[in-house]
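Report on the following structure.
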Amino acid sequence: MKRFLLSSLFILSFLSHYLQAQEAPKLAEENKKIIKDEFYNNIPMPAVLSDLEKKYSLKLLYDKEALREFSVTHWFENQTIETGLKSILKKLPLKYYIDDNGFVNIVAKTIRVETSVDRQFKGKAEKTNFTLIGRVVDINNGENLPFASVLVRGTTLGGQTNVDGYFTLQKVPSDTVTLEVSYVGYRTRNFHLNPKLDVNDLKIEVEPAVDMLEEVVVEGEKTEVLKANEVVGMIKMTPRNIAKLPNVGERDPFRAFQLMPGVSASNESSSGLYVRGGTPDQTLVLYDGFTVYHVDHLFGFFSAFNYNAIKDIQLYKGGFDAKFGGRISAVAEITGKDGNKKEFNAGVDLSLLSTNAYIETPLGSKFTFLVAARRSYKGPLYNKLFKRFTSENQTQTQQQQGPGGFPGGGRFGSFATTQTASSYFYDLNSKLTYTPTKKDIISLSLYNGTDNMDNSASSNLGNLGGFGGRNIGLNTSNTDVSNWGNLGGSLKWSRRWSDKFYSNSLICYSNYYSTRDNSRTITTNRDGTERELKIGQLEDNNLNDFTAKTDFEWKMFKDNQLDFGLQYTKNVIKYTYSQNDTVSVLDRNDRGATATFYVQDNVKLLDGRLHLLPGVRITNFDVTKKNYIEPRFSANYNITKQLKLKGAAGVYYQFVKQINREDISQGNRNFWILSNAESLPVTKSNHLILGGSYELPNYLFDVEFYQKNSTNITEYTLRFVPKVGRGLSASETFFNGSETVQGVDILIQRKFGDFNGWIGYTLAEAKRNITAFSDKAYYSDQDVRHQFKVIASYKYKRWDLAATWIYSSGRPYTSILGAYQLTLLDGSVKNFTNPSDKNANRFPAYHRMDISATYNFSSHFNIGFSIFNLYNRSNTWYKRFQVITEDDITALQITNVKYLGITPNVTLSWKLR
Amino acid sequence: MKNIYIILLLGTIQSILWACTETNDVINPGDKPVIEAYLAPNHPVSLKAYTEIPYSESSEGVSQVIDGLSIKIIGSNGKTFVLKSVGNGAYESAANELIGVAGTTYSLEFDYKGRKVTATTEIPAKPVNFASDKKEISRTQIDLSAGFQGGVRPPGGGFNEQNTSVNLTWSNPNNYYHFIAVENVETDPVQILIPPTGRTFPNFRFFNEPLTGSSNEVRSQSFQYFGKHNIILYRVNPEYAALYQSSGTTSQNLSTPPTSIINGLGIFTGINADTIKFVVNKN
């Protein structure tokens, strides 16, 4: 797979450029003349242009002063002015365009070209009350932009582009109205319709905000522009926004989401999204339609998503609509890039941690292709992170390596230890998009990401010749190999059947695998006879997800859209956890299928001021043989243009669960299992969200209150069972209970200007009630009372500066109350530690500041410096308790294990276009 | 003016959200007594009670014995033991008061710091058909007290014995937990391996765990002393087997110490045993 993609990458890099012609006004007749033979050698451009104007009476427009600094060396030989200019301007920061009068205009590349649609049409309308179909595309690469907002100015009529970038507006009052087109990270465009335009296939190009943080970073709620985006609890980002935020090694969309209120930022060891008191497995992560089950690279320090391959991400923090299901907390919907439709492009990012490269290109006029790959390398930063996550592990390993039972073993012979630790991660995204007709889009998206960690060691306790001259050898080798990753793909077919009916069908496959072999092989060699003994743990989790789904959109009439769809998912999940070769602690092989139907109605009332979205999702789960009905409802009401109230409520079910077997000393492992009718009931959650927003042209104030009541939350523990000598039944290791989450998210954002950013605050509480752990409610592991985040960015000349500061109350943890010893039947003494009530203690507050500075040499090349944890705050990750017995004194020792300290990074980014 | 509303709103919200919040109590160390009691049929009751080593970040504490409790053990056969505190944390029944036969259930009961500490256990049946394939083995003494100085090899040789194992078998069709312990019964046992001067070997434990199988082996090198031994096969209850589960050591995976004692810690369990005599001879 990987090889195939790499080879196709090479082929593609030799492909020439494909330029698609743009709809353009006609060239004046004079400008079509052939210039037979004119040679200019290092002549200032205005002089060249004025010479040509005179000789061929060309119609040119340019600013003499602005062009004075550019010199031209060119030989016009049977060329038109247009052909000549194309080659001249290639090396200059200039471009040309043809205006409505047929004049050739030469301007700086940064200047936006005015065309007829940039001016209000003065004539008479020809069509009224018609249906407008179009798409919103990126002006630079021709990518269709999903979820962009299109609004008829001065009215409440508006819509949103679908996942393929298409939109339909019904009952547009006239063909001379103005459309306001906005998309996060892009300049909002006023697009003036005129009767000459094709209202069945309108292409609206929008331009990326040149300075990445200059424009809207976050699309919260807007009253004026984003009618269709008015979804409770939704945050939207494009990867371009992330580029200049401080980072540790990788530009990471999930880490960027963690800077928003309601998404926890204090879990350095997980890039998963802890959304509003939920855990990462309660967040549905969709990448081009397929579910990604594991989002971590390098022990969770980075998410598995390469920002170079991503076009758009939407995060629903709760109260999401009936289209999404199978998770109880949140949805992150990621849309991958299709690839440049206009020309070949490539780019590379180099950081202290990894190399990240991509290629995108059109293939003919109907195909586009993109491939993006990254791989870590063992630079100083990688090693630092790796050690942070494995040092505990290694210490333990080393202790085990001692020649057990022979204290002072060094005196008995040679003792050699070799340790080989190697580890890396890589991921690869590729997408092939085929547009056979204007109504169909077919795309194949593939993703593969893998982490490999080898922390093995071997030791050799050589010749024990002291004992009667016999030859006795003892070899110990510790294997500690972990592999985890995802392989997924989707084949999607979108079709616009009519101006009212649209469908989107997918076949997806997703596989998550995680294996760990943490074992010790002891080979004893006695006079040539070898005996092998394997002690340790073997773990294997393999999840397969086969999904077929179809979503339909039916615009029944103005202000009413019906969405409905079908989904079928088959899950095959295996999990085995065995010890010492033989004993199988847990061995599960689960199969289950869900069949789902949903329907929801998008209604606008009161002249568009009230937006209602009632819906229902019905799922049949074949394991429990039950139907699960999830009613959903959300609403927005615009009191005034600026002030809006919003709310959502719904029921959510989750059928696959990730169980966190938190065990730092052995490596923190998660595994997925499937619900059943007995010990692992289907998790259910009820959401209620109420909020309001107040939006000024430059500022947004947004408040949302939320409450989630969940039942059948599962925790896994081995603590209550004797695990000796036999396997475990699920009922002995999984404990179910309920959870209540409530809180408020507050966002104050300055959206525009050289200085912009936001302040986010979350006040929240998450409590669990699982009777096996405690007869009273206890705070959930992820419970954090206060989180305060300040994100500021400032543009100064060619510099982009950004700083983030995060403050978070401490997470709860279980401490110990004391320790004791028991004498066992054989006379040996065993130590026991007695934990406090579950999560009855709190770590100190977590806070840190990150800063970054990016210098833009040009729009193609920049260098970014960033410092993580600027003031080197020691944030506690977890505590380790040890009972140490020495000379009959038994004492307890506590160690605070810390998160990452100050960590600088440098990133070089280059792209062809 | 707007600000005031926002502050008022936030204040109200906060009070609504937190009006009903309860926090988890921290039970102080020392609130739960640690009990150690193995009830064997036809033996008087012997029980130990002591406190935990209290944990604090600043100081190191020690375990204290608990004397003077009034502890009752109530049997399902109608017989109740009232234990006598004999000092140093030990409690005993009268010498003529003996634990009953297999199948009898016993309940522990006493008050400690305002809580009722209780536990229940059953006396398991005696192991069946316990046998070993050998009654004796021979070992050579190894004296390392001279050390390795000057390249002088120590006399003797430890591992040139027959590499034999003592194979133990018993019937266990219902997969009950069994546990092997080996006990030297010499009054003045002689070490097989004499450590170098100034050093001590730690006690070579038999790395046994309770097993649900029907056989086990004791390797000849496991014996530390010459002379007479008892090889004891215990039949134990799951609450004893639970003591062998590994317990976590970090705040992320601490496990509650396995105990069947409510409001207490430690072990209160019935055991039964069969014994085989065994001799380690000196070559």
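Looking across the range A:831-846, the residues that are assigned to a strand (DSSP E or B) and either within 8 Å of chain B (Cβ to nearest Cβ) or surrounded by 18 or more Cβ atoms within 10 Å (Cβ to Cβ) (or both) come down to A:PHE832, A:THR833, A:ASN834, A:PRO835, A:ASN841, A:TYR846. A:SER503 falls short of the stated requirement of being more than 14 Å from every other protein chain (Cβ to nearest Cβ), at pLDDT 65 or above and either touching a Leu at 6+ places or on another chain (Cβ under 6 Å) or not in a strand (DSSP E or B) (or both). Just one of the listed residues (A:SER815, A:SER780, A:SER808) is closer than 26 Å to A:TYR706 by Cβ, crowded, with 20+ Cβ neighbours inside 10 Å and touching a Ser or Thr at 6+ places or on another chain (Cβ under 6 Å), and it is A:SER808. Scanning the range A:32-44 turns up one or more residues that are at pLDDT 85 or above and in contact with a His (Cβ under 7 Å, 6 or more places away or on another chain). The residues of the range A:782-801 that are within 14 Å of chain B (Cβ to nearest Cβ), of a type outside the set (A, V, I, L, M, F, W, C) and within 23 Å of the chain's Cα centre (by Cα), listed by number, are A:GLN782, A:ASP783. Return the pair list, or none, for Cβ contacts closer than 6 Å from residues in the range B:88-99 that are in the same structural domain as B:TYR38 (by TED's automatic domain parsing) and more than 18 Å from B:VAL34 (Cβ to Cβ) to residues that are modelled with pLDDT of 90 or more and not in a loop (DSSP other than H, G, I, E, B), at least 6 apart or on different chains. Taking only residues 6 or more apart or on different chains, the pairs are B:SER93/B:PHE81; B:GLU97/B:PHE81; B:ILE99/B:LEU39. Would you mind finding the one in B:GLY158, B:GLY151, B:GLY213, B:GLY198 that is surrounded by 18 or more Cβ atoms within 10 Å (Cβ to Cβ) and modelled with pLDDT under 85? From the options B:GLY158, B:GLY151, B:GLY213, B:GLY198, the qualifying one is B:GLY158.
Is the range A:325-340 home to any residue that is part of a loop (DSSP other than H, G, I, E, B), without any contact (Cβ under 8 Å) to a residue 40 or more places away in the chain, touching a helix residue (DSSP H, G or I) at 6+ places or on another chain (Cβ under 8 Å) and within 28 Å of A:VAL790 (Cβ to Cβ)? Looking for residues that are part of a loop (DSSP other than H, G, I, E, B), without any contact (Cβ under 8 Å) to a residue 40 or more places away in the chain, touching a helix residue (DSSP H, G or I) at 6+ places or on another chain (Cβ under 8 Å) and within 28 Å of A:VAL790 (Cβ to Cβ), one finds none in the range A:325-340, hence no. In the condition set (1) at pLDDT below 85; (2) within 7 Å of chain A (Cβ to nearest Cβ), B:SER222 is compliant with all but (2). Considering the range A:802-817, the residues that are without any contact (Cβ under 8 Å) to a residue 60 or more places away in the chain and not aliphatic (A, V, I, L, M) include one that is farthest from the other protein chains (Cβ to nearest Cβ), namely A:TRP805. Taken residue by residue, the range A:87-99 has at least one member that is outside the structural domain of A:LYS196 (by TED's automatic domain parsing), among the basic types (Lys, Arg) and modelled with pLDDT of 80 or more. Only a single item in (1) buried (at least 17 other Cβ atoms within 10 Å of the Cβ); (2) within 14 Å of chain B (Cβ to nearest Cβ) is not met by A:SER828, and it is number (1).
Can A:ALA649 be described as assigned to a strand (DSSP E or B) and closer than 28 Å to A:SER494 by Cα? Taking the combined requirement at face value, the residue does not satisfy it.
The values are calculated or read from the model by the stated rules, or taken from the named source; none is laboratory data. Just so you know, these numbers come straight off a predicted model, no measurement behind them. With ideal geometry, Cβ positions are generated from the backbone for all residues, glycine too; neighbour counts draw on all protein chains shown.
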